[in-house]
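To start, the structure itself, in structure tokens.
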Amino acid sequence: MRNGTRAELAFLHRVFRQRRGWYWGAWGLLALTWIAGIALLALSGWFITATALAGAGLLATLDLYVPSGGIRTAAISRTLARYFERLVSHEAVLRSLADLRGRSFRGLAALPMERIRAYRSGDLQTRLTGDIDTLDAMPLRVVGPMIAAALSLVVTLGIAVWLAPWPAAVVLATSGVATLAVSAVLALAGQRRSHALVQARAGERVGLFDFIGGLAELLAYDRAREHEARLRRENDHYARRQRTQEAFGVGSEQIVQAVVGASALVMLVLALGWYRDGMLDASVAVLLPLMTLGLGEVLGSLPGAWWRAGESLEAAGRVQHLEVAATHTPATAEYVDPTPRDEAPALHAHGLTIGFRRERPLLGPLDLEPARGYPLVISGASGHGKSTLLDTLAGELPPLAGTVALGHDDLARIPTDARYRHISYLPQGLQLPDTTLRSILSPAHRSLSDAALWEALEQVDLAEAVRGTDEGLDYRIGEGGASLSGGQRRRLALAAVVLQDRPVVLLDEPFSGLDTPTQQRVVERLLPWLQDRQCILVTHAPGQLPARWPRLELAKPLGRS
Amino acid sequence: MTQVPGTDAEATDARTSPGPWLRARQQPHRRWLVLSAASTLVATLATIALAGLVAWAVHGTLFAPEAPYLPGILLAGLVLLALRYAAQALRDLAGHRLAFAVKQELRANLLRQARQAGPARLAGQTTAGAWAEQFQTRVEDLTGYYARYLPARQAVILTPLAILVAALWLDWLAALLLLFAAPLIPAFMAIVGMGAEQIHRRQQQEENRLAGHFLDRIRTLDWLRRARAIAATEAEVVERSHQQRRLTMRTLRVAFLSSAIMEFFSAVAIGMVAIYIGFALFGAIDYGPAGDITLFTGLFILLLAPEYFLPLRQFAQSYHDRAGALAAAETLAPALASPTGPVGPEHSPEATAAPDEGAVVPWLQLKGVTVHYPGQRTPTLAELDLAVHTGAHLALTGPSGSGKSTLLAVCAGFLTPTTGTVQRHPLARQFAWIDQDAHLFHGSLRDNLQLARRDTIGDAEMATALQQAGLPLDAPELPDGLDTAIGEARRGLSGGQAQRVAVARALLSGHRLWLLDEPTSALDPDTEQALLDTLFRLAEARGLTLVIASHHAAIHERCLQRLDLAPATPGARHA
């Protein structure tokens, strides 16, 4: 087992502890199902043998009704137990999944910005959802069967010790241990491949994206056949390995069944021997091997349990760090912010150098402290670090040198949520959630009146378009805001920023996609709102903004010829 | 507000229904099905023999004057046991082999189909993400059908039949009991099956919707954090999950109930057989064969009774696999259907103009080209004539939907016109291609540039091409020079810089016909001007032929020739 296993197990324990009542219920019902199944088989064998003996006159008295009543009870309780076991276990898992989604969302939200960016690439996202779904196998298909198998084994062992000489118990215990060992060995052997398989699949996905996304280029440069052949080769290799792994699964299942069958045979031969020696009566001699055979269903679930244990642990390893991130976020309450607007801490930067790598700074050093009511207009051709500058000023990217501070506090030391109590940031790459206009304009923690929302829409010249829809403020913007045009998306976000009502406002190309008259109108309407705020505005067309606003033209980046 | 245009008439072209489609896939690989049927039969016969052996051993020990030799029974039993499970393993492996063969053939077809359809046709049908999902997940969804459902369907006929014959031979009354119990099972199975299919579909939909919600919120985490809506969203995520739980449980309760009923009936049937045998042995029944039933017969039939019902239960379970595969087949069948309408690059029977009689042969000559997409009333391009001469700078203009991209795709050979001919100069068979979002392949900058040619391109040549394309190697966005890792969301490069990489790649290819599809529409005006400066300077210096589809005025201004594709004005147009 790998080093992280213990931590992963602890994590899984924490996750599922919340619903442990449900799980114990499901496990108990599972054990009841299996024990009833074993009893059904064993009792039937005993019953038939006893009747045969009685019919032949070898047994003096036989009460037909008690054992047949027992058979009926076992049959009915098995069916009922299985039905409720399924209900309870699914209920439990779905409850845990809901908990888990909430947990991992919180964890993800607490990660630093760069890490979240990595998550935005499609693969990690889908893997995260897949991982969360994989975790549910742990209580139901791993721990449950193991606990229920142990319980069933203990019950049958008890009966064997009670009815028969000690070797009977030894045979049962051996078959239990043997199946556990055989299935564990085979599952681990197969599992070693599964990690490589997961990676191969992710790699294949990248290749497929390149093939379809870049098909025009591949055809133009006559590389499409080559790429196709490579993908086929890789897929073939991958599928072959997957087939080997499946063979391990098939093999371990049949081997476990064979082990159980062999134990039953050994038990039969032993019991018949004991009967001949007068140590057992005949009906018990038949009951014992049938009881052993009944263990087949119980032990048969163990290979699958081992198999899934590995998958769940791997998934847990990947999800786990999210939880860690969530618990290590500093409490936001520590940061006290002064409320009156006049005393609101001002954003200022000193000796600021920005960029992604120390040896290749994009811009700087730079001193900035925009005055309230006088938005600072930043312009310059693309690639000169405008957007990076706003990222840094919003505290989402650490500066390479120098400081950005809010009042007396370095931005890096202010918790995220507290920082956004002061700073509104409208970035260039905008991703709006798929929900209604109302929930975008007014997130749940604030209750703004409809009148306020309409006013904000009016300010960004969007109210008319919204009135034109049947749903009004309940209009859904679709995935990625697909039901809005690009310009409408930006203006909607701008309206949300207006309603956020924070003292520092950072806007990256807020008016792109607007024609000049509309832009003039929007700027005009926003002036009163901008009056008592610090604002930094990035644009490629500074000429269209009021001339009294201060300008900053970014020079060519360092190290660029 | 603008609505998304998202109706794809072509996608609903389901000429083959999913059931026959799935069966047609297995035809070439029938031998695996034969193997699995044979293994099932062997396993069943071994099971029957084993039951007989055990019953005989018990009967013999209890009643026979001469007790059977126990070690011999153990040995024979172990052999039969090994035979049974080996045969079962073989059956499962045969199923997996069948699934493997079908899946690999499908995937190879999907790849070939995509290449043959070409980018222009694919763009109307699918996205890269959806296509990859189809290739990986949907094809994988077929596994259960071939690996479990089909073998289970064989077993559900073979195994009960064999057991019935064995029982009939010994005690026809018990066999009759089993036989009468059996028709109950298919009836219930139909109920379970219908339930399973419905549940499968509903649950799948709900899962997708929920997963969609969760993914959407992760994707928009930046916005939510800036809007300080994290806590509210977390509550929303949890609430949605619970909502889905309640819905799912409602459907599951019904499904579990129907399978519980089925299980109950098979338990009752086994119980009835057991009680009949018990009473017959006791001497309480003396009708028909019941009078002379022995412990051997009784035990033998009792041991086989659960084996009689087991395949029925397994078959019911594999019904879920069938439902999943049918759903997958519904999406796969149209994707693999042979193309209709304008065909892709592989089918184009192009006339390569022979450079005859020293006449000035145009690089591209389109005559009477009509492109008519199926499901559309009017053709996208109608009776179009066009000649592109060496060194021409041609802008294809017109409002969106007027067929600019279609015409460019015809020029590239990605589409073959419905009617009309395309002749190309031998030198114009190869071309460079740049579209709206240049595709950067996963790998280093060097890998992306090397794609342009087969022979190894030297670092110096690459650096020169990049310099000429306006993205010098010492730019801050290329911290590792040619080894900078790019691709997948083109890390670190802006839209303009990605286009410049594409320009450098086109330069390195040495091809002199450049086809550009909206090359600047993802760029801001400053970047657009800078890129166009570079492009046209290079075109002058190298005598390139440019065909640019664009609605940007900045491009129209720079091109000497323009072809205006106004909609709804069919007729011949000349450039």
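Each value in this text was obtained by applying a stated rule to the coordinates, not by laboratory testing. Since the structure is predicted, the reported quantities are computational estimates derived from the model, not experimental observations. Note that we place each Cβ from the backbone using ideal geometry, even for glycine, and neighbour counts take in every protein chain shown.
Give me B:TYR287, B:TYR145 sorted ascending by neighbouring Cβ count inside 10 Å, so fewest comes first.
Arranged by neighbour count, lowest to highest, B:TYR287, B:TYR145 become B:TYR287, B:TYR145.
Farthest towards the positive end of the charge dipole of the protein assembly as shown, among the residues A:VAL15, B:LEU215, B:LEU83, is the Cα of B:LEU83, using unit charges on the Cβ of Lys, Arg, Asp and Glu.
Pair-distance distribution of the range A:144-277: all C-alpha pairs, bin width 5 Å, starting at 0; shares per bin in whole percent are 2, 9, 13, 13, 11, 9, 8, 7, 6, 6, 5, 4, 3, 3, 2, 1, 0, 0.
Between A:GLU524 and A:ARG413, the contour length at 0.36 nm per residue exceeds the alpha carbon distance by 36.3 nm. From helices alone, chain B scores -20500 deg cm²/dmol at 222 nm; the rule is -39500 (n - 2.57) for each run of n ≥ 4 DSSP H residues, then divide by the residue total. Each residue, B:ARG250 and B:ASP459, gets one label point 7 Å from its Cα in the Cβ direction; the gap between the two is 6.6 nm.
As a proxy for reagent exposure, ranking B:LEU178, B:LEU415 by other Cβ atoms within 10 Å from fewest up yields B:LEU178, B:LEU415. Ranking B:LEU565, B:HIS551, A:LEU302 by how far each Cα lies toward the positive end of the dipole of the protein assembly as shown (charges on Cβ) leaves A:LEU302 at the top. Write out the chymotrypsin sites (Phe, Trp or Tyr not before Pro) in the range B:48-87 meeting two conditions: DSSP loop, and at most 16 other Cβ atoms within 10 Å of their Cβ. Within the range B:48-87, the qualifying chymotrypsin sites (Phe, Trp or Tyr not before Pro) (loop, at most 16 other Cβ atoms within 10 Å) are B:TYR69.
What is the average number of partner chain Cβ atoms found within 10 Å of a Cβ in A:248-259?
On the way: counts 0, 2, 9, 4, 1, 4, 11, 2, 1, 5, 8, 2.
Mean inter-chain Cβ contacts per residue within 10 Å come to 4.
For GluC sites (Glu not before Pro), the sites in the range A:445-550 that DSSP calls loop and that have at most 14 other Cβ atoms within 10 Å are A:GLU471. Only Lys, Arg, Asp and Glu carry charge here, each on its Cβ (+1 for the first two, -1 for the last two); on that basis chain B has a dipole of about 680 debye about its Cα centre.
With no solvent and one point on each alpha carbon, what is the Debye value of log10 I(q)/I(0) for the range A:5-327 at q = 0.08, 0.11, 0.13 Å⁻¹? After summing over all Cα pairs, the log10 values are -0.53, -0.84, -1.02. Counting only DSSP beta bridges with both residues in the protein assembly as shown, the antiparallel share comes to about 40 percent. Peptide B:233-241 is shielded by partner chain Cβ atoms: per residue, an average of 6 of them sit within 10 Å of its Cβ. In a simple Cβ point-charge model (Lys, Arg +1; Asp, Glu -1; nothing else charged), the range B:14-336 has a dipole of about 1820 debye relative to its Cα centre.
Quick check on chain A: helices-only [θ] at 222 nm, where DSSP H runs of length 4 and up contribute -39,500 (n - 2.57) each and the sum goes over total residues. Nearest 500, please. The partial results should precede the final answer.
Values: 18 runs with 354 residues, N = 561.
So the calculated ellipticity at 222 nm is -21500 deg cm²/dmol.
Between the residues A:LEU352, A:VAL497, A:LEU231, the greatest Cα displacement towards the positive end of the dipole of the protein assembly as shown, with unit charges on the Cβ of Lys, Arg, Asp and Glu, is found for A:LEU231. For the pair the range A:401-473 / the range A:124-175, the C-alpha centres are spaced 53 Å from each other.
Dipole check for the protein assembly as shown: with +1 at the C-beta of Lys and Arg, -1 at the C-beta of Asp and Glu, and the Cα centre as origin, the magnitude is about 1160 Debye.
Please compute the average number of Cβ atoms from other chains found within 10 Å of each residue's Cβ in peptide B:76-88.
Details: counts 1, 7, 5, 0, 2, 8, 3, 0, 4, 10, 2, 1, 5.
Going residue by residue through B:76-88 and averaging, the value is 4.
Against the compact-protein benchmark of 2.2 N^0.38 Å, the Cα-based radius of gyration of the protein assembly as shown scales to 1.15.
Would you mind ranking B:PHE264, B:PHE441 by Cβ crowding within 10 Å, fewest neighbours first?
Working: B:PHE264 18, B:PHE441 24.
Fewest-to-most ranking of B:PHE264, B:PHE441: B:PHE264, B:PHE441.
Shown here is the pair-distance distribution of chain B: with all Cα-Cα distances grouped in 10 Å bins from zero up to the longest one, the shares run 3, 12, 17, 17, 15, 12, 9, 7, 5, 3, 1, 0 percent.
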